[in-house]
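Asks: Below is the structure I would like to discuss, written out as structure tokens.
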Amino acid sequence: MVVTPELLSFFPLLKLLPPGSLVALAQTSTVEKFARRAVVLNAGQHEQKVCFLFEGRLQGVDFTVDGREVGLFFVEPGDFCGELALFDRGVQTEYIIVLSPAVVVWVPLEQLHAAMLECPPLVSNLGIRLAQRIRQLTLQRSLLGMPNIAQRVCSQLWLLVEESEKAHMKEAAIKNPPTHMEIAIMLNLSRETVTRVFQTLQQQDVVRRDGAQRLQIPSLSLLKAYADGSREL
């Protein structure tokens, strides 16, 4: 696959750039395919490119002092990661791994930085994205301190619900939900523990499986009650 300005326009962030900048970036960008569990970006390294995901699914992960893997966030098609170095030229802060076979567009860091400085809307969107990521990571880490395992899992599911669906507090659906193993990594639990909690949630009709691509939540208010501890499983 050849990188074209049209391909770069697939990504909402890059679509903000003027046509000339897209043409220049396309000439220096590349495409790479990755198999499942491959490492896309390495923590502690000075990565010289920003990752834009075209197909597949990625996850940012870190490790505890005893070597256990902890999931931090997901990267979906159209999204990006590795952008922090655009601001400070620092090292990559977490590992980015492949959850399902992925196609990545690599945009060189220096060229994107130059284009960014000439496009205020792109800088604004990057700032909003970084603020959202910081808030998300803060919430994610706070879940690890919850002593009640079921509450921890329900809180994780609550965070995965779209904000627009939380507004009406009725039923909702999580699209492309994480596997039990992926949730276990995010919450520093075993897969078996997460599976047991899900069995209880399904028995009490807190969640319903709708194939592999959707997790139905019949009542958001009920899920929220389990998540905030006002109700126990």
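Asks: Residues in the stretch 50-62: is at least one surrounded by fewer than 16 Cβ atoms within 10 Å (Cβ to Cβ), modelled with pLDDT of 90 or more, under 25 Å from L159 (Cβ atoms) and out of contact with any Cys (no Cβ under 8 Å at 6 or more places or on another chain)?
Replies: Yes: one or more hits.
Asks: Could you figure out which of (1) crowded, with 17+ Cβ neighbours inside 10 Å; (2) in contact (Cβ under 8 Å) with a residue 40 or more places away in the chain isn't true of Q156?
Replies: Of everything listed in (1) crowded, with 17+ Cβ neighbours inside 10 Å; (2) in contact (Cβ under 8 Å) with a residue 40 or more places away in the chain, Q156 misses just condition (2).
Asks: Is it the case that the stretch 208-225 has a residue that's hydroxyl-bearing (S, T, Y), farther than 23 Å from Y95 by Cβ and not in a helix (DSSP H, G or I)?
Replies: The answer is yes, given that some residue of the stretch 208-225 is hydroxyl-bearing (S, T, Y), farther than 23 Å from Y95 by Cβ and not in a helix (DSSP H, G or I).
Asks: How many residues does the stretch 77-104 hold that are touching a Leu at 6+ places or on another chain (Cβ under 7 Å) and of a type in the set (D, E, K, R)?
Replies: Qualifying residue count, the stretch 77-104: 3.
Asks: Here's something else I'd like to know. What number of residues in the stretch 146-182 are assigned to a loop (DSSP other than H, G, I, E, B) and under 18 Å from S230 (Cα atoms)?
Replies: Number of matching residues: 5.
Asks: While we're here: Picking from I128, I134, I149, which residue would you name as being surrounded by fewer than 17 Cβ atoms within 10 Å (Cβ to Cβ) and more than 18 Å from the chain's Cα centre (by Cα)? Let's see the steps before the verdict.
Replies: Numbers: I128 fails: more than 18 Å from the chain's Cα centre (by Cα); I134 fails: more than 18 Å from the chain's Cα centre (by Cα).
That would be I149, the only listed residue that is surrounded by fewer than 17 Cβ atoms within 10 Å (Cβ to Cβ) and more than 18 Å from the chain's Cα centre (by Cα).
Asks: Among the residues that make up the stretch 183-192, is at least one of them at pLDDT below 90, of a type in the set (D, E), assigned to a helix (DSSP H, G or I) and surrounded by fewer than 19 Cβ atoms within 10 Å (Cβ to Cβ)?
Replies: no
Asks: Answer yes if at least one residue in the stretch 120-141 is touching a residue at least 40 places away in the same chain (Cβ under 8 Å), assigned to a strand (DSSP E or B) and not acidic (D, E), and no otherwise.
Replies: Narrowing the stretch 120-141 to residues touching a residue at least 40 places away in the same chain (Cβ under 8 Å): 121-122, 125-126, 129-130, 133, 136-137, 140.
Right, trim to assigned to a strand (DSSP E or B) and you get none.
Looking through the stretch 120-141, none of the residues is touching a residue at least 40 places away in the same chain (Cβ under 8 Å), assigned to a strand (DSSP E or B) and not acidic (D, E).
Asks: Looking for something in contact with a strand residue (DSSP E or B) (Cβ under 7 Å, 6 or more places away or on another chain), under 22 Å from I134 (Cβ atoms) and acidic (D, E) - is there at least one such residue anywhere in the stretch 17-39?
Replies: The answer is no; no qualifying residue exists.
The values are calculated or read from the model by the stated rules, or taken from the named source; none is laboratory data. Quick caveat: nothing in here was measured; it's all calculated off a predicted structure. Ideal geometry is used to build each Cβ from the backbone, glycine not excepted, and the neighbour counts take in all protein chains shown.
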